[in-house]
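Okay, so here's the structure we're looking at.
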Amino acid sequence: MSQPAIEVSPTSTTVPQSGVIQVRDLKKSYGDVVALRGVSFEVAAGEVFGLLGPNGAGKTTTIEILEGLRTADSGEARVAGLDPETAGTKLKEKIGAVLQSTNLPDKLKVQEALTLFSRFYKRHSRSDPAALLRRFQLEEKKDAFYKDLSGGQKQRLALAMALVNDPEVIFLDEPTAGLDPQVRREMYDIIEELKTEKKTILLTTHYIEEAERLCDRVAIVDTGRIIAQGTPRELKHRSAGTTRIEVRVARPLREDLVKSMDGVLDAREFEGTLVLHSSHAPQTIVSLVKTLEADGNELQALEMFSPSLEDVFIELTGRRLRE
Amino acid sequence: MQTWILTKIRIRLALRNKTFIFFGVAMPLGFLFLFVLIFGHGQTGMIAYILGSVLTITVMGSFWGLSVQLVIFREQGILRRFRLAPVGAGPLLASSILANYVLVLPAVIAEILICRSAFHMHTWGNLPAIFVLVSVGAATFSAFGLIVASVTNSMQETQVINNLIWSAFLFLSGATVPLAVFPQWIQRVALFSPATYLATGLQAAATKFVTGEELLTDCVALIVGLALAFEVSRQLFRWEPEAKVGGKGKLWVLVALVPFLVFGAYENRNGDRLAQLHKNFSQLDSGPHQTEAPADTAPAQQ
């Protein structure tokens, strides 16, 4: 189900009514540091909703408030109809979560971890630990100590633990951070499988590919605010018809030379890389080569990209999303 | 049910940990051999007294182990993961105490058997009394350790507090240096320490001087201390390392010491614990011990 893209201002007071997750004007500070400046969004049942943004944007703070691990300074939050701040074990029975960093006792075995955590929940909602081991390809490691697992195996275990109670809502906080690309893709497959089961999932990430591939809708978060919200297709439509060209040259180009190149709509520099948004990529490249030749400069690298959420972020913030 | 599941897991984790094997089993036995070597003087009559002292040190070890473990779990984010599950602080703390009790028993049993068989201790002592005091003592000192973990804000702070309290427990209880050799004023101060009730109780139970009334006093003091310490640690329990305990919160610790302040005041004013202690100590010799409890005497004169 597609919803129109929404640009949400920090002071939006839109009141979500029907979502499984409802957040309205959430604010949170840690001393002098303002983490959330009024975040509002809603996640429908069976939807995968992503919070995409750089480190420090407020994604983890948001998700931890919804998990009941932190309390907001103001605003309202509801998960499956419950207030995370006051619901206690009632909420915990309904949710599963993968923290940004999960840690378990070193000498706890994989199967023991699943069995232990499943026994915390009511009998009727427990998943079979053996079935979870098979599903997450941890059978061979069922008697391995937690400390002996690889990063990918630990993350798969964390995800399996999040499902021991067959939860209604799943929170995934940077589920693939720090994993190598192959393992990351394995995790994507697992999460896509959860999508087919119509689980309601709130996911935080700073990986564009992850948000574009996994999420039905995405909210782009920056400095404690949601700056854009919608389906990935709708968000990218803002940059439709443009191509992002990333260039590295031997010597920095003068700004007037860059802006005079054919087809260039926007030009910014990030750590030695010139990022151009062009409406006519071939013409821009020809113009670039001529400009470099005239300037006695040298082209070192050039890449072209179709519109992505990164372009939306650059357009709205003037900064890159990825580190 | 949650407490039982957690207890089983904690026991398994401890048995897989070489540190536990060293501090929980090897070190107490090492203390036993050392004490017999230094203080035994070839007098088999002293062995029972030494056993009481070593049992005290073994049981009090619960204090150190649990406080460190809880702080480590919090700092490493392990408690955080448990917080996401429908399990509260009560079962987590209770399982720590139960698991620790089960884990302390093998060392206790080994110490008794070694004293009997290898060091020719004359009697088994008052085994039921030993069992009761070990059980209550292990739980109480575990709870004290949990209080320390609940109020300290870092591992460094925990180690400092542990060292201070542990030193007081060891040296102001009679577990290492017999209380009877201290100046009178130190003996009176020691009556306010929970460790004194455990040490004097176990020493008396091992040498079979204990009376039912004496055992009752020690147990009541320790049980009340356990209940208060558990509740305080549960109220102050923190899941996150970022959550700090302020100065006022730390004052709650004093609540757990209330029973010992009361008993200490009572013993100083009306009790005959010190007199009994002197009498028991003076009766230690190489011969068989009397099996009847000595008659109550007036408090020792200054």
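Of everything in the stretch A:61-83 that's surrounded by 20 or more Cβ atoms within 10 Å (Cβ to Cβ) and of a type in the set (S, T, Y), which residue is nearest to the other protein chains (Cβ to nearest Cβ)?
Across the stretch A:61-83, the extreme among qualifying residues is A:T61.
Going by the conditions given, is B:I50 away from every other protein chain (no Cβ under 12 Å), surrounded by 21 or more Cβ atoms within 10 Å (Cβ to Cβ) and assigned to a helix (DSSP H, G or I)? Step through it out loud before you land on a result.
On the way: away from every other protein chain (no Cβ under 12 Å): yes; surrounded by 21 or more Cβ atoms within 10 Å (Cβ to Cβ): yes; assigned to a helix (DSSP H, G or I): yes.
Against the criterion (away from every other protein chain (no Cβ under 12 Å), surrounded by 21 or more Cβ atoms within 10 Å (Cβ to Cβ) and assigned to a helix (DSSP H, G or I)), B:I50 qualifies.
Select from the stretch A:108-145 the residues that are facing another protein chain (nearest Cβ under 10 Å) and aromatic (F, W, Y) and write down the one among them that is surrounded by the most Cβ atoms within 10 Å (Cβ to Cβ).
Filtering the stretch A:108-145 for residues that are facing another protein chain (nearest Cβ under 10 Å) and aromatic (F, W, Y), the one surrounded by the most Cβ atoms within 10 Å (Cβ to Cβ) comes out as A:F117.
Give the number of residues within the stretch A:74-98 that are closer than 20 Å to A:V39 by Cβ and not hydrophobic (A, V, I, L, M, F, W, C). Walk me through it before giving the result.
So the first thing to find is which residues in the stretch A:74-98 are closer than 20 Å to A:V39 by Cβ, and the list is A:74-87, A:91, A:95, A:97.
Restricting the remaining residues to those that are not hydrophobic (A, V, I, L, M, F, W, C) gives A:74-76, A:78, A:81, A:83-86.
Total satisfying the criteria: 9.
Please count how many residues of the stretch B:161-199 are part of a helix (DSSP H, G or I) and either under 11 Å from the mean Cα position of the chain (by Cα) or under 22 Å from B:V255 (Cα atoms) (or both).
So the answer is 19.
For a quick check of your reading: which strands (runs of 3 or more DSSP E) sit entirely within the stretch A:31-131 and have at least 2 residues that are touching a Gly at 6+ places or on another chain (Cβ under 9 Å) and more than 30 Å from A:G152 (Cα to Cα)?
Working: elements: A:33-43, A:48-52, A:74-79, A:95-98.
Passing ranges, in order: A:33-43, A:74-79.
Can you name the residue in the stretch B:1-22 that is touching a Pro at 6+ places or on another chain (Cβ under 7 Å) and more than 7 Å from chain A (Cβ to nearest Cβ) and, of all such residues, is nearest to A:V110 (Cα to Cα)? Can you show your working first?
Of the stretch B:1-22, the ones touching a Pro at 6+ places or on another chain (Cβ under 7 Å) are B:2-3, B:6, B:13.
Filter once more, keeping what is more than 7 Å from chain A (Cβ to nearest Cβ): B:3, B:6.
Numbers: B:T3: 20, B:L6: 15 Å.
Checked the stretch B:1-22; the qualifying residue nearest to A:V110 (Cα to Cα) is B:L6.
For residues that are surrounded by fewer than 20 Cβ atoms within 10 Å (Cβ to Cβ) and at the interface with chain B (Cβ under 7 Å from one of its Cβ atoms), tally how many sit in the stretch A:84-107.
5
If we scan the stretch B:101-116, do we find a residue that is without any contact (Cβ under 8 Å) to a residue 60 or more places away in the chain, under 24 Å from the mean Cα position of the chain (by Cα) and under 30 Å from A:Y121 (Cβ atoms)? First the steps, then the outcome.
Filtering the stretch B:101-116 for residues without any contact (Cβ under 8 Å) to a residue 60 or more places away in the chain gives B:101, B:105, B:108-109, B:113, B:116.
So of that shortlist, the ones also under 24 Å from the mean Cα position of the chain (by Cα) come out as B:101, B:105, B:108-109, B:113, B:116.
Keeping just the survivors that are under 30 Å from A:Y121 (Cβ atoms) gives B:101.
Checked the stretch B:101-116: at least one residue is without any contact (Cβ under 8 Å) to a residue 60 or more places away in the chain, under 24 Å from the mean Cα position of the chain (by Cα) and under 30 Å from A:Y121 (Cβ atoms).
I need the full set of residues from the stretch B:213-227 which are among the aliphatic types (A, V, I, L, M) and either under 14 Å from B:S135 (Cβ atoms) or surrounded by fewer than 22 Cβ atoms within 10 Å (Cβ to Cβ) (or both), in order please. Steps first, please.
Narrowing the stretch B:213-227 to residues among the aliphatic types (A, V, I, L, M): B:215-216, B:220-224, B:226-227.
Correct list: B:L215, B:L216, B:V220, B:L222, B:I223, B:V224, B:L226, B:A227.
Quick check on my filter: what residues within the stretch B:1-42 are surrounded by 14 or more Cβ atoms within 10 Å (Cβ to Cβ) and of a type in the set (S, T, N, Q)?
The answer is B:Q2, B:T3, B:T7, B:N17.
Does A:L114 meet the test of being closer than 25 Å to B:V68 by Cα, assigned by TED's automatic domain parsing to the domain that holds A:L172 and modelled with pLDDT of 95 or more? Give the derivation first.
On the way: closer than 25 Å to B:V68 by Cα: no; assigned by TED's automatic domain parsing to the domain that holds A:L172: yes; modelled with pLDDT of 95 or more: yes.
No: the conditions fail for A:L114.
Please count how many residues of the stretch B:1-16 are modelled with pLDDT under 90 and farther than 24 Å from A:K122 by Cβ.
Keep residues of the stretch B:1-16 that are modelled with pLDDT under 90, which gives B:1.
After this cut, where a residue has to be farther than 24 Å from A:K122 by Cβ as well, the list is none.
Result for the stretch B:1-16: 0.
Within the stretch B:112-135, how many residues are in a helix (DSSP H, G or I) and either under 30 Å from B:K248 (Cβ atoms) or of a type in the set (F, W, Y) (or both)?
Within the stretch B:112-135, the first condition is being in a helix (DSSP H, G or I), and the residues that meet it are B:112-117, B:127-135.
Right, trim to either under 30 Å from B:K248 (Cβ atoms) or of a type in the set (F, W, Y) (or both) and you get B:131.
So the count comes out to 1.
Within the stretch B:274-293, does at least one residue satisfy the condition of being within 30 Å of B:A149 (Cβ to Cβ) and modelled with pLDDT of 80 or more?
The initial filter retains those residues of the stretch B:274-293 that are within 30 Å of B:A149 (Cβ to Cβ), namely none.
No, every residue in the stretch B:274-293 fails to be within 30 Å of B:A149 (Cβ to Cβ) and modelled with pLDDT of 80 or more.
Can you pull out every residue in the stretch A:132-155 that is of a type in the set (F, W, Y) and either in a loop (DSSP other than H, G, I, E, B) or within 25 Å of the chain's Cα centre (by Cα) (or both)?
So the first thing to find is which residues in the stretch A:132-155 are of a type in the set (F, W, Y), and the list is A:136, A:145-146.
Across the stretch A:132-155, the qualifying residue is only A:F136.
What number goes with the only condition from (1) buried (at least 19 other Cβ atoms within 10 Å of the Cβ); (2) β-branched (V, I, T); (3) free of Cβ contacts under 8 Å to residues at least 40 places away in the same chain that A:V183 does not pass?
So A:V183 meets the others, but not (1).
Please specify each residue of the stretch B:232-264 satisfying the condition of being free of Cβ contacts under 8 Å to residues at least 12 places away in the same chain and either of a type in the set (A, V, I, L, M) or surrounded by 15 or more Cβ atoms within 10 Å (Cβ to Cβ) (or both). I'd like the intermediate steps shown before the answer.
Within the stretch B:232-264, the subset free of Cβ contacts under 8 Å to residues at least 12 places away in the same chain is B:242-243, B:246-248, B:251, B:254, B:262.
Result: B:A243, B:L251, B:L254, B:V262.
Six or more apart or on different chains, Cβ under 8 Å: which pairs go from a residue in the stretch A:276-305 that's touching a residue at least 40 places away in the same chain (Cβ under 8 Å) to one that's hydroxyl-bearing (S, T, Y) and surrounded by fewer than 18 Cβ atoms within 10 Å (Cβ to Cβ)? Could you list them?
Correct list of pairs: empty, since none qualify.
Looking only at residues that are in contact (Cβ under 8 Å) with a residue 24 or more places away in the chain and either in a helix (DSSP H, G or I) or of a type outside the set (S, T, N, Q) (or both) in the stretch B:146-158, which one is farthest from B:K250 (Cα to Cα)?
To start, the set of residues in the stretch B:146-158 that are in contact (Cβ under 8 Å) with a residue 24 or more places away in the chain comprises B:146-155, B:158.
Those still in the list that are either in a helix (DSSP H, G or I) or of a type outside the set (S, T, N, Q) (or both) too: B:146-151, B:155, B:158.
Numbers: B:L146: 13, B:I147: 9, B:V148: 9, B:A149: 11, B:S150: 9, B:V151: 6, B:M155: 16, B:T158: 13 Å.
Looking at residues that are in contact (Cβ under 8 Å) with a residue 24 or more places away in the chain and either in a helix (DSSP H, G or I) or of a type outside the set (S, T, N, Q) (or both), I get B:M155.
Could you go through the stretch B:81-91 and let me know if any residue there is buried (at least 22 other Cβ atoms within 10 Å of the Cβ), more than 30 Å from B:A243 (Cβ to Cβ) and either touching a helix residue (DSSP H, G or I) at 6+ places or on another chain (Cβ under 9 Å) or of a type in the set (A, V, I, L, M) (or both).
No, there is no match, as no residue in the stretch B:81-91 is buried (at least 22 other Cβ atoms within 10 Å of the Cβ), more than 30 Å from B:A243 (Cβ to Cβ) and either touching a helix residue (DSSP H, G or I) at 6+ places or on another chain (Cβ under 9 Å) or of a type in the set (A, V, I, L, M) (or both).
The values are calculated or read from the model by the stated rules, or taken from the named source; none is laboratory data. Bear in mind the structure is a predicted one, so any value in this text is a computation, not a measurement. We place every Cβ from the backbone using ideal geometry, glycine too, and count neighbours over all the protein chains shown.
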